[in-house]
1. Do we find a residue being closer than 26 Å to Ala200 by Cα and touching a residue at least 60 places away in the same chain (Cβ under 8 Å) anywhere in segment 128-151?
2. Looking at Thr227, Thr219 in this structure, which one is hydroxyl-bearing (Ser, Thr, Tyr), within 28 Å of the chain's Cα centre (by Cα) and not in a helix (DSSP H, G or I)?
3. Given (1) over 30 Å from Ala122 (Cβ atoms); (2) surrounded by fewer than 15 Cβ atoms within 10 Å (Cβ to Cβ), identify the lone condition not met by Gly243.
4. May I ask you to list the residues in segment 47-61 that are modelled with pLDDT of 90 or more and over 15 Å from the mean Cα position of the chain (by Cα)?
5. State yes or no: is Val32 outside any helix (DSSP H, G or I), of a type in the set (A, V, I, L, M) and out of contact with any Asp or Glu (no Cβ under 7 Å at 6 or more places or on another chain)?
6. Of all residues in segment 1-36, which are more than 24 Å from Ala59 (Cβ to Cβ) and either among the hydroxyl-bearing types (Ser, Thr, Tyr) or surrounded by fewer than 14 Cβ atoms within 10 Å (Cβ to Cβ) (or both)?
7. Restricting attention to segment 54-105, report how many residues are free of Cβ contacts under 8 Å to residues at least 60 places away in the same chain, among the charged types (D, E, K, R) and open to solvent by less than 50 Å² (accessible area, probe 1.4 Å).
8. Quick check: anything in segment 214-223 farther than 22 Å from Ala116 by Cβ, at pLDDT below 95 and in contact with a helix residue (DSSP H, G or I) (Cβ under 8 Å, 6 or more places away or on another chain)?
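The values are calculated or read from the model by the stated rules, or taken from the named source; none is laboratory data. What you see is a predicted model; the values in this text were computed from it and never measured. As a convention, Cβ positions derive from the backbone with ideal geometry for all residues, glycine included, and neighbour counts pool all protein chains shown. In case anyone asks, the SASA skips ligands and DNA or RNA and just uses the protein heavy atoms, side chains included. Shrake-Rupley method; radii C 1.70, N 1.55, O 1.52, S 1.80 Å.
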Amino acid sequence: MLKVDIQGPIARVTFDRPELHNAFNEEFIRTVTLTFNELGHNSAVRAVILAGAGKSFCAGADLNWMKSMASYTREENIEDAKNAARMFMSIAKCPKPVIARIHGAALGGGAGVVAACDISIAVETAQFGFTEVKLGIVPGVIAPHVLARIGPGYAREYFITGERFPASVALKIGLVQHVVADEAVLDALIASKVEQILTAAPGAIAAVKELIFGVAERTLDSSFDFTAAAIARARSSDEGQAGMKAFFAREKAPWVQG
């Protein structure tokens, strides 16, 4: 269900259920969660590229899996939803930057994966949608990630209608950061983002992700001590000291390869 290819500092994770448009079920969710937790603790990995095999990025939940939910008790439904929430959180909170390579369809939970990634890049032919209401359900566990990206205003429109929309709209509302003409340009842009990531300190990137989530959860006043502590830790860290020393000496920082 998942292919993981680690070459040097880059991990390429590919959803690998092309015959089902990479739709996820319980096993898929467990595998993705474990994979991202492991990559997060792998000191050799500096960035993760997340893609889908076949015609789609990810079409959301497997219909056969959804059929089985009809017989779940309320408690089983809650536990099942929590497992899915852990998957999205493992992507969003991965201390390594995660770049989504989007082609084809990214629907329902698949669009939630797009929102959970740090950098999302799509080809212009990609299609998106929060289609849950069409099935009589709601985009529950993806909502925190999606609202953090597109805000409640756009969510009210696209969660309510459940309509599909093109990559140009995904760009406009902030679900993705970049839209490109074709997959060749897509891969070139991803490569350029990775190149930039590899010039940045890995510990600082992990700290920046924590900073972003932490500030988003706080009011302006309550972020005062949190942000001051964040920069103080960074300045006194081994990375911070080495980075500033290299800068003033006009040398490469120790994490820059080549």
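1. yes
2. Values: Thr227 fails: not in a helix (DSSP H, G or I).
One residue alone meets the criteria, Thr219.
3. Evaluating Gly243 over (1) over 30 Å from Ala122 (Cβ atoms); (2) surrounded by fewer than 15 Cβ atoms within 10 Å (Cβ to Cβ) leaves (2) as the failure.
4. Ala53, Gly54, Lys55, Ser56, Ala59
5. no
6. Those that are more than 24 Å from Ala59 (Cβ to Cβ) and either among the hydroxyl-bearing types (Ser, Thr, Tyr) or surrounded by fewer than 14 Cβ atoms within 10 Å (Cβ to Cβ) (or both): Gln7, Gly8.
7. 2
8. So far as segment 214-223 goes, yes, one or more of its residues are farther than 22 Å from Ala116 by Cβ, at pLDDT below 95 and in contact with a helix residue (DSSP H, G or I) (Cβ under 8 Å, 6 or more places away or on another chain).
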